[in-house]
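Structure first, then comments.
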Amino acid sequence: MVINEVFPNPTVKHVIFQIRYPNLFIIENKIGDFQIKIMDRFPNSALKIKQKGFILDAGAEIIYKEKPENQKELGGEKAWSFSSPDEKVVLNVSSNSLDISSNFHKTYNNAKKSKDNFRDTIEFVLDQFFQLTKIPIIKRIGLRYVDECPIFKRVNSNFKSYYNTTFDLKRFPIKDSEEMIFKVVFKKGNYFLIFHEVVKKDKLFLDFDAFANGINSSDYLKVNDDLHLIISEEFEKSIKEPVYDYMRKKKEVENDS
């Protein structure tokens with residue numbers, strides 16, 4: 001089931017929503033109207049034309065890497081970027097994809113406990129986008145959560161008291177492992193999930209990337225809710241009660257003086 005608690009100190013650090021669609025030749029003519037419609041929530045804007053640069057392709061490798069390997073050259077492709085006033089929520093639009101990434105949201109859809117829901121942001125953006133573009137079919141829709149979880153002691157007993165790990169710690173003790181990586185891709189009904197569990201330095205990264213292919217644009221919100229449910233269930237299977245206790249504690253504010 002979906003976790004209905006809003007934690008003051010959640011382990012999730014990055015949330016990414018993305019749709020891919022056939023190349024839209026009209027996108028450049030529509031982007032100005034789209035900008036006006038979303039400007040109250042995304043006032044900052046930039047046009048990016050990258051000849052030798054790269055853009056993150058959400059849904060491939062692990063996001064925690066300093067220089068992600070899941071980057072690809074854009075050539076001369078235009079990409080329009082919009083961001084919230086604090087730049088913690090970023091929206092990117094190109095001729096064949098739209099993505100929203102957030103380092104801010106603490107809940108997907110819990111209106112009773114938080115006014116800042118990632119689902120509301122997705123719905124706001126996509127409703128405006130579909131009104132302008134009239135896209136009937138989405139080639140791919142994806143939702144991705146990347147959690148950075150603490151490792152308090154690099155010993156097997158402590159690690160297993162916090163996490164239902166996929167690692168064979170008896171064979172490869174965590175105290176002697178420089179880096180540990182597990183990956184699985186599996187199908188659940190009409191949906192797919194790519195799951196990574198990674199130990200690097202003193203952190204455990206849990207990376208959940210759920211997606212579906214070939215859906216009607218009118219069904220995007222229901223499908224995305226289903227993807228979120230899959231991720232939530234898998235996250236619950238990955239952690240134990242001490243992690244909930246950790247997330248319930250308010251994060252200490254560092255003194256800059």
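Taking other Cβ atoms within 10 Å as a rough exposure proxy, I38, I141 sort from fewest to most as I38, I141. The antiparallel fraction among DSSP beta bridges confined to the stretch 103-257 stands at about 95%. Pairs K106/K222; K78/K187; K106/K203; K139/K203; K170/K251; K78/K183: which are spaced more than 26 Å apart, C-alpha to C-alpha? Pairs exceeding 26 Å: K78/K187; K139/K203; K170/K251; K78/K183. Relative to one another, the C-alpha centroids of the stretch 1-42 and the stretch 195-238 are positioned 16 Å apart. Scanning residues 5 or more positions from S95 or on other chains, none has an amide H under 5 Å from its amide H, with H placed 1.01 Å from N in the peptide plane.
Where a number appears in this text, it was derived from the coordinates with a stated rule and is not lab data. Keep in mind the model is a prediction, meaning the values are calculated, not measured. All Cβ positions, glycine included, derive from the backbone under ideal geometry; neighbour counts span all protein chains shown.
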